[in-house]
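Here is the structure we will look at, set down as structure tokens.
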Amino acid sequence: MFKRISTVVGLLMLLQMSLFAKPAKVSGVTFMHYSFKEVDENGFQITRAFLTFENRVSKDLSYKFQIDVAKDDVSAYSAYLKTARVDWKTDLGKWTLGLQTMNMFKIQENNWGYRFIEKSAMDLGGYSSSADLGIGWSKAFGPVISSIMITNGTGYKKVEDDGHKKISTLLNLGQGKLRKGFNVGAVASFEGVDYGSYSTGTSLVVGGFGGIMAGPALIGAEYSTKIVSMATETTGSILSTYGRVKAMKTSEAFIRIDYTDPDTDNAGDAHTYIIVGGVFKPVEGFTIAPNFRVEVPEVGEEELSYFLNFQFKY
């Protein structure tokens with residue numbers, strides 16, 4: 001596995017050096033945690049490691065390559081090419097071609113602010129992949145950010161497996177990444193879905209979100225629903241609320257509550273997910289986050305687990 005990863009890294013470095021005289025900016029981030037649920041269910045894990053190459057070729061043209069090493073069901077760790085895109089800025093907006101970050105929950109993820117602790121609600125619920133292959137357009141009209149993407153719809157870990165394409169849209173008022181102020185917006189995606197031998201259904205995702213930061217505190221919320229129409233129709237929904245407050249210059253406290261209902265017509269399958277903890281930054285590039293998590297199913301017993309999350313940026 002690591003031989004494959006080093007080969008991919010070497011090829012990317014060789015590519016950027018051969019195409020462009022100016023060396024690319026190289027950066028990385030690693031997510032790691034220790035978790036404890038029971039005496040025989042605890043341990044350390046590296047959940048994600050990203051290595052990024054990016055550069056500006058000219059005033060209007062830039063590129064980005066990113067390798068994602070993640071734990072999956074097949075092996076301990078697998079390497080994926082998560083980003084391989086070219087950005088072209090024009091008077092009509094920015095055009096992005098290639099494997100790129102989706103527009104469905106990036107701003108919500110920024111509002112939540114702790115991706116190394118947990119995915120944002122829509123990502124965690126599987127309502128959209130975080131990256132996909134296709135073409136995108138984005139433009140800011142004053143305080144309004146707009147984006148449209150046409151992608152394969154299979155995400156970045158799978159190749160295209162049907163003739164349908166996914167259309168994803170974003171409309172946001174306010175800051176894309178809150179420093180002070182607010183944002184409020186909506187997202188939507190639509191894709192055809194094959195099922196059976198000759199039948200085609202649809203998958204529709206619609207969501208809304210908002211956040212506000214005032215002084216040391218931030219609060220945010222997001223709601224999304226997914227409607228899959230095949231032989232029958234299934235509607236699921238996710239409501240996520242979260243907040244954080246800066247206690248000192250290098251420490252924060254946070255809480256997040258998710259309510260997820262996979263099928264609104266099926267009683268008893270909903271659950272609530274609560275995360276409470278603190279974040280400490282003892283030195284630049286290193287973050288520690290002790291937290292506990294409670295999963296409360298609509299039917300059944302609740303489960304409590306303890307986590308110690310780490311983030312390394314380099």
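Please state the equivalent ellipsoid semi-axes for segment 68-173: what are the square roots of 5 times the Cα gyration tensor eigenvalues, largest first, in whole Å?
On the way: eigenvalues 118, 65, 31 Å².
The answer is 24, 18, 12 Å, longest axis first.
Rounded to the nearest 20 debye, what is the charge dipole size of segment 2-313 about its Cα centre when +1 sits on each Lys and Arg Cβ and -1 on each Asp and Glu Cβ?
Details: 33 positive and 33 negative charges, 459 e Å.
For this selection, approximately 2200 debye.
Within 10 Å of each residue's Cβ, count the other Cβ atoms and sort Tyr80, Tyr63 from fewest upward. The partial results should precede the final answer.
Working: Tyr80 18, Tyr63 21.
By the 10 Å Cβ count, ascending, the order reads Tyr80, Tyr63.
To the nearest 500 deg cm²/dmol, what mean residue ellipticity at 222 nm is calculated for the chain from DSSP H runs of n ≥ 4 alone, each contributing -39,500 (n - 2.57), summed and divided by the residues?
For the chain, the value works out to -2500 deg cm²/dmol.
Which of the trypsin sites (Lys or Arg not before Pro) across segment 245-292 are loop residues per DSSP, with 13 or fewer other Cβ within 10 Å?
Filter output for segment 245-292: Lys249.
Which value, in nm² and rounded to one decimal, describes the direction-averaged projected area of the C-alpha convex hull of the chain?
Hull-based average projected area comes out at 18.7 nm².
Rounded to the nearest whole Å³, what is the per residue volume of the convex hull around the Cα atoms of segment 197-314? Can you show the working numbers first?
Values: hull volume 18.5 nm³, N = 118.
Normalising the Cα hull of segment 197-314 by residue number yields 157 Å³.
Could you run the Karplus curve 6.51 cos²θ - 1.76 cosθ + 1.60 with θ = phi - 60° over segment 273-286 and give me ³J(HN,Hα) per residue in whole Hz, x for Gly and Pro?
Each residue's phi maps through the Karplus curve to give 10, 10, 10, 9, x, x, 10, 10, 10, x, 9, 4, x, 10 Hz.
Under 8 Å for C-alpha pairs, at least 6 residues apart: give me the relative contact order for the chain, rounded to a whole percent. Don't skip to the end; give the middle numbers.
Values: 773 pairs, mean separation 36.9, N = 314.
Relative contact order of the chain: 12 percent.
Counting only GluC sites (Glu not before Pro) that are in a DSSP loop and have at most 16 other C-beta atoms within 10 Å, tell me the longest site-free stretch of the chain.
1-159
So what J values fall out for segment 174-184 if you push phi through Karplus, 6.51 cos²θ - 1.76 cosθ + 1.60 with θ = phi - 60°, rounded to Hz, Gly and Pro as x?
x, 6, x, 9, 5, 10, 7, x, 8, 8, 8
Among Gly125, Thr250, Ile219, whose Cα projects farthest towards the positive end of the dipole of the chain, with charges put on the beta-carbon of Lys, Arg (+1) and Asp, Glu (-1)?
Thr250
At what distance in angstrom do the alpha carbon centres of segment 27-98 and segment 140-172 lie from each other?
Measuring centre to centre over Cα atoms gives 18 Å.
Per residue of segment 39-50, in order, report the coupling 6.51 cos²θ - 1.76 cosθ + 1.60 (Karplus, θ = phi - 60°) as ³J(HN,Hα) in whole Hz, putting x for Gly and Pro.
4, 9, 9, 7, x, 8, 9, 9, 8, 7, 9, 10
Each reported figure results from applying straightforward, stated rules to the coordinates on display, with no laboratory input. This is a predicted model, so every value here is computed, not measured. With ideal geometry, Cβ positions are generated from the backbone for all residues, glycine too; neighbour counts draw on all protein chains shown.
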